[in-house]
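The values are calculated or read from the model by the stated rules, or taken from the named source; none is laboratory data. Please read these numbers as outputs of a predicted model, since none were measured by experiment. Counting neighbours? That spans all protein chains shown, and the Cβs are built from the backbone with ideal geometry, glycine included.
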Amino acid sequence: SAPRTFRIAAIPADGVGTEVVAAGRAVLDALAAGSSGRFAFDWTDFPWGCGYYEKTGRMMDEDGLEVLQDFDALYFGAVGWPSVPDHVSLWGLRLRICQNFDQWANVRPVHFHPGITSPLRKADDTPLDWVVVRENSEGEYAGLGGRNLAGRGPGNEVALQTSLFTEKGCERIMRFAFDLARERDRKKVSSVTKSNAQQHGMVLWDEVFERVAADYPDVETESVLVDAMSATFVLHPEDLSVVVASNLNADILSDLGSALAGSLGLAASANLNPDHRFPSMFEPVHGSAPDIAGRGLANPIGAIGSAALMLDHFGLEEEATRVRKALDATTGSGLLTPDVGGTATTDQVVAAVLDNL
Ligand code: NAI
Ligand code: MG
């Protein structure tokens, strides 16, 4: 029968984004080549990013969203370069895609790989694995607010950065988190809140969490303040399974999680439009890492793990598991990039992952 062909838009964008997207593509192409014609990936490259902005004054083409709409998935690197203000580059490309494609669920697994020493002194060989589920469409990153309201004059400028919490937005991300928890060994959802201080939005968040939890009596729950949750990440990570949090809180906590696992370069992420009205986007959690870009030192594991999440999304779960096992086998053999204490290059890690596949 004809192979199932998945059309993927590659948007490596800036810095190490180009290096790690190439790494993930090599892994996916090797899988397709070995699939005996069962499936294939059809790639289209987009040159968008800060370099494109310097030439054109735009982070992406004006009709870029229409062009992307027809793809089965987007594979993204990282956006940002010192030549362009970060809020311009982020809103002009990554957030523009996430918001317009209503990718409201951002899934960020935290996985401790064998062979990588955690900065947690007490971490032993206990497998640690939890998932941060990030509300990805509203909250603190709703883009609402303004500056210099009412023309207060020099020295008196004020700015409002307003959070938006809707009942529908809270409910859909929480149901998503509970459904995910049901698929895991530990059926538990921890809600991250700050309702003691943020008495409007976060109280709504808490109320919706309680209501949704009632529909999942088989799933254990807890509601934890974000400051306390940051301590739990360090002190009792073994208590975590699914952690659902607002846009900003989850952004911070997921970086903490990946640092605990050893490096930002390890963390994978999926920006999902669970309604399937728009393509979903898969990208490593890290940024463009200008300090190491272009030197072949980038850790490709986060990007390859993101490619595995894309395979899950395509229904290729067996292949996704193979990729994750190949990553564990690679780190377990001690072949590591400098960010996790090794001397290997990006290419050497990719070659080892391909061998282990
Ligand atoms: P970053 O994630 O780029 O770098 C933070 C630290 O982690 C650096 O020391 C870097 O060398 C290291 N690192 C990151 N990825 C790595 C990898 N794959 N292998 C090894 N080490 C790695 O965050 P930073 O420095 O705050 O931001 C740099 C630029 O990236 C900024 O322009 C920022 O706006 C942008 N950014 C973009 C994101 C995205 O596109 N999703 C996310 C975060 C930042
Ligand atoms: Mg972040």
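Listing for the model above:
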{"quantity": "Per-region count, segment 303-344, residues polar (S, T, N, Q) and either modelled with pLDDT under 95 or within 25 Å of residue 8 (Cβ to Cβ) (or both)", "calculated": "4"}
{"quantity": "Selected residue (only one of 177, 142 is surrounded by 12 or more Cβ atoms within 10 Å (Cβ to Cβ), of a type in the set (A, V, I, L, M), under 19 Å from residue 269 (Cα atoms) and not assigned by TED's automatic domain parsing to the domain that holds residue 300)", "calculated": "177"}
{"quantity": "Checking residue 322 against (1) more than 16 Å from ligand 2 (Cβ to nearest atom); (2) more than 19 Å from residue 136 (Cα to Cα); (3) touching a strand residue (DSSP E or B) at 6+ places or on another chain (Cβ under 9 Å), the condition it does not meet", "calculated": "(3)"}
{"quantity": "First in segment 38-61 and under 30 Å from residue 3 (Cβ atoms), second anywhere and assigned to a strand (DSSP E or B) and polar (S, T, N, Q), Cβ under 8 Å, 6 or more apart", "calculated": "39/5; 40/5; 41/5; 42/5"}
{"quantity": "Scan of segment 306-321 for residues that are surrounded by 22 or more Cβ atoms within 10 Å (Cβ to Cβ) and small (Gly, Ala, Ser), ordered by number", "calculated": "306, 307, 308"}
{"quantity": "Any hit, segment 247-259, residues being under 25 Å from residue 339 (Cβ atoms), away from ligand 2 (no atom under 16 Å from the Cβ), touching a residue at least 24 places away in the same chain (Cβ under 8 Å) and assigned to a helix (DSSP H, G or I)", "calculated": "no"}
{"quantity": "Members of segment 216-235 found to be in contact (Cβ under 8 Å) with a residue 12 or more places away in the chain and part of a loop (DSSP other than H, G, I, E, B), listed by number", "calculated": "216, 218, 219"}
